[in-house]
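Have a look at the structure below before the remarks.
The values are calculated or read from the model by the stated rules, or taken from the named source; none is laboratory data. As the structure is a computational prediction, the values presented were derived from the model and not from experiment. Here the Cβ is made from the backbone with ideal geometry for all residues, glycine too, and neighbour counts use every protein chain on show. To get the accessible areas, we keep the full protein, side chains included, count just its heavy atoms, and leave off ligands, DNA and RNA. Shrake-Rupley method; radii C 1.70, N 1.55, O 1.52, S 1.80 Å.
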Amino acid sequence: MQKGIIGKKLGMTQLFDENGKVVPVTVIEAGPCTVVQKKTVESDGYQAVQLGFGDIAARKVTKPAKGHFDKADVAPKKTLREFRLADISAVNVGDILKADVFAAGDHIDVVGVSKGKGYAGTIKRWNGHRLRESHGTGPVSRHAGSMGACSTPSRVFKGKKLPGHLGAERVTIQNLTVVKVDAENNLIAVKGAVPGPKGAVVCICDSVKA
């Protein structure tokens, strides 16, 4: 990984390319992000930079967090994320990173938390099919069906696709293309969709597949 930044998903729209074709894009408010901490091999066993995004009132942070920000001499930040970069020699604590760290045509990975959909059954959660609503089906046409747990093996195997919590999990979308960068307003337009609802915090880094 060579570069990264924290952003906020603003929503989706569409742009037109040089051939007049419509390109669906997700608009992300990328930065400004402040470098809060540098981690080195000598002190931490690996090298990385910790970025802060979004201002927050000092009264709303804990005392340990306040000490962390005071040590870096930066204003308290709402979101902290760590990026393991291949080279951190050019980055220093207190530096400001903006959307122009990326350019149109770059390939990026976007990490976020998907929309939470609450408790869901097997049909919605795992795309299972329902039973035939013919004679004898009863009120179980959308149930999970047999567990297969007879006297042998007397248990349900791990990994059985059952109802449960759906969504609200970490998702990485790889190899997306940056369509446009508005450095003045710290906006990045990415081709396609990125995880999370409107207003969700996302992490952007250069793609490992590029």
Could you rank the peptides 57-68, 101-112 by their average count of other C-beta atoms within 10 Å per residue, with the highest value first?
101-112, 57-68
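So, with +1 on the Cβ of K and R and -1 on the Cβ of D and E, and no other charges, what is the size of the charge dipole of the range 94-207 about its Cα centre, to the nearest 20 debye?
In total the dipole reaches around 1100 debye.
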Distance between the C-alpha centers of the range 1-27 and the range 97-140? Whole Å please.
21
What does the highest-first list of 172-181, 137-146 look like by mean Cβ count within 10 Å?
172-181, 137-146
If amide H atoms are built 1.01 Å from N in the plane of the peptide, which residues on other chains or at least 5 residues away come under 5 Å of the amide H of residue 3?
206
Where in the chain lies the longest segment free of GluC sites (Glu not before Pro) that are both loop residues by DSSP (not H, G, I, E, B) and have at most 12 other Cβ atoms within 10 Å?
19-132
So, taking all protein chains as they sit and a 1.4 Å probe, how much accessible area belongs to residue 8, in Å² rounded to tens?
70
Rounded to two decimals, what is the ratio between the C-alpha radius of gyration of the chain and 2.2 N^0.38 Å?
1.36
With only alpha-carbon atoms counted, please give the Rg and Dmax of the range 88-170, in Å.
23.4, 72
Prolate/oblate/rounded call for the range 75-117, Cα gyration tensor, a/c under 1.5 rounded:
oblate
As a test of the definition: which semi-axes, in Å, follow for the range 111-210 when you take the square root of five times each eigenvalue of its alpha carbon gyration tensor? Largest first, please.
42, 16, 12
On a 0 to 90 degree scale, rounded to 10, what angle separates helix 63-72 from the longest Cα axis of the chain?
40
Where a ≥ b ≥ c are the square roots of the eigenvalues of the C-alpha gyration tensor, would you call the range 1-76 rounded, which needs a/c under 1.5, or, failing that, prolate if a/b is larger than b/c, or oblate?
oblate
Length gain on complete extension for the stretch residue 134 to residue 151, per 0.36 nm per residue less the alpha carbon to alpha carbon distance?
3.1 nm
With unit charges on the beta carbon (Lys/Arg positive, Asp/Glu negative), name the residue among 134, 54, 119 whose Cα is farthest towards the positive pole of the charge dipole of the range 25-162.
134
So what's the back-of-envelope 222 nm ellipticity for the chain, counting only DSSP H runs of four-plus at -39500 (n - 2.57) apiece and dividing by all residues, rounded to 500?
-2000 deg cm²/dmol
